[in-house]
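Computed from the coordinates by the stated procedures, all read-outs in this text should not be read as laboratory data. Here the structure is a predicted model, which is why all the values come from computation and not from measurement. For neighbour counting, all protein chains shown are included, and Cβ atoms are generated from backbone atoms with ideal geometry for every residue, glycine included.
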């Protein structure tokens, strides 16, 4: 029995400074709205290296010691597994500079929770903000947190 399957690997990072969170207002027509910076893991790239690279590309910041805090998984339109590794970072170098991905804004947690977010991102935030939750699973009609 083959135990492999097609999978897309991605990441997202919540960057925190002085009780404010860096938020990306995505231009992507497939998933527009407020979210955190991140992107795809390249072939043979470590998850750690990919989140550092993606954050640099989208924010101009070089994050230090990003910490894995959870993940989300779902199946895409081709029935391939799609995994998003959730990271947090509190140390970084550089000055924030927006990219083609969208505008960047520093927000408090409360401001973020009271703003229009990208589709289903409110559920992702539960993984970031609740230490008892480390996985968001979307599978058909199921939308579960573990």
Residues 76, 18 arranged by fewest to most Cβ contacts within 10 Å: 18, 76
How big is the stretch 1-75 in terms of Cα radius of gyration and Dmax, in angstroms? 13.9, 51
Taking Cα atoms of the stretch 102-146, Rg/Rh with Kirkwood Rh, to two decimals? 1.02
If you restrict to DSSP beta bridges whose two residues both lie in the chain, what percentage is antiparallel, to the nearest 5? 70
Neighbouring Cβ atoms within 10 Å as the yardstick, rank 53, 142, 26 fewest first. 142, 53, 26
Which ordering of 3, 81 is given by a fewest-first count of other beta-carbon atoms within 10 Å? 3, 81
Helix axis angle, 47-59 relative to the chain longest principal axis, alpha carbon, degrees: 50
Where only alpha carbons of the stretch 13-146 are counted, the Rg and the Dmax (Å): 14.3, 42
Starting from the Cα-Cα distance between residue 16 and residue 83, subtract it from 0.36 nm times their residue separation and give me the gain in nm to one decimal. 21.8 nm
What does the C-alpha gyration tensor say about the overall shape of the stretch 1-40? Classify as rounded when a/c is under 1.5, otherwise prolate if a/b is larger than b/c, or oblate. oblate
